[in-house]
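Shown next, in structure tokens, is the structure this report addresses.
The values are calculated or read from the model by the stated rules, or taken from the named source; none is laboratory data. The structure displayed is predicted, hence computed values, not measured ones. Heads up: the accessible areas ignore ligands, DNA and RNA and are worked out on the full protein's heavy atoms, side chains in. Shrake-Rupley method; radii C 1.70, N 1.55, O 1.52, S 1.80 Å.
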Amino acid sequence: NLAYHWLDFAGNVVTWEGARTPLALAPGTAAVVNASVIAPTVAGSYALRFDLVQEGVTWFSGQGVAAPARSVRVDAVQYGVTYTPGVASVQLAANAAAAVPLTIRNTGSLTWRSSDGYALSYHVVRPDGTVVQWDGLRTGIPVAVGPGDSTVVFATVQAPGRGSFIIKFDLVREGVSWFSDQGVPPGEVPVRVD
């Protein structure tokens, strides 16, 4: 397999067992390979050293095969969140509101504080993807949520009318950006309104 090692610029190993990319090469042949690479979790400058490995036997670099390093800059992901709904679906009466429990985990590099304009909101779409409502109600974030931290938010959602819908939860920094506009997938919960 083709694998890799991440090193810091002092030469210390950050990751030794990099992701594997399968190879099937006969002796004397060459191939262009799209390597699977997972970046370190901390932003910074690193050396990326590709290396072949015969699993359970040896790394090629351990047998004297040169494994030159490439300089790589890893940037922090500013906007990142995972949404874990506390319910599988929501059922509402027409014109009613409900509090939906949702665990939000910060997978980015910014700390979220309600005082800095961060809030949980949502978009309402039909099952075919048609947007019914873009700007849902806002729910403040109860505590500061730093990178890697999580909290439970009880998001207030209101029925848009009768029928079946999907609530797409989306964090927003007011006046700056929706997280979904930064490439972060929203969290989804189906809603039935009678």
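Laid out as a table, the results:
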quantity: Full-stretch length increase - Asp149, Glu17 - with 0.36 nm per residue and alpha-carbon distance subtracted; calculated: 44.9 nm
quantity: Length released on extending from Ala35 to Ser109, taking residue separation times 0.36 nm less the Cα-Cα span; calculated: 24.0 nm
quantity: Stokes-Einstein D in µm²/s, Kirkwood radius over Cα pairs - segment 1-112 at 10 °C with 1.306 mPa s viscosity; calculated: 89
quantity: Surface accessible to a 1.4 Å probe, per residue, for the residues of segment 1-91, Å²; calculated: 65
quantity: Fully extended contour minus Cα-Cα distance, from Ser71 to Val132, at 0.36 nm per residue; calculated: 17.2 nm
quantity: Heavy-atom SASA rank of Arg70, Arg162, Arg20, Arg105 (probe 1.4 Å, accessible area, largest first); calculated: Arg162, Arg70, Arg105, Arg20
quantity: Surface share of carbon and sulfur [accessible, 1.4 angstrom probe, percent] for the chain; calculated: 52
quantity: Centroid-to-centroid separation of segment 136-152 and segment 10-48 [C-alpha atoms, Å]; calculated: 35
quantity: Spherically averaged projected area of the chain from its Cα convex hull (nm²); calculated: 15.4
quantity: Considering only the chain, percent of DSSP beta bridges that pair antiparallel, nearest 5; calculated: 95
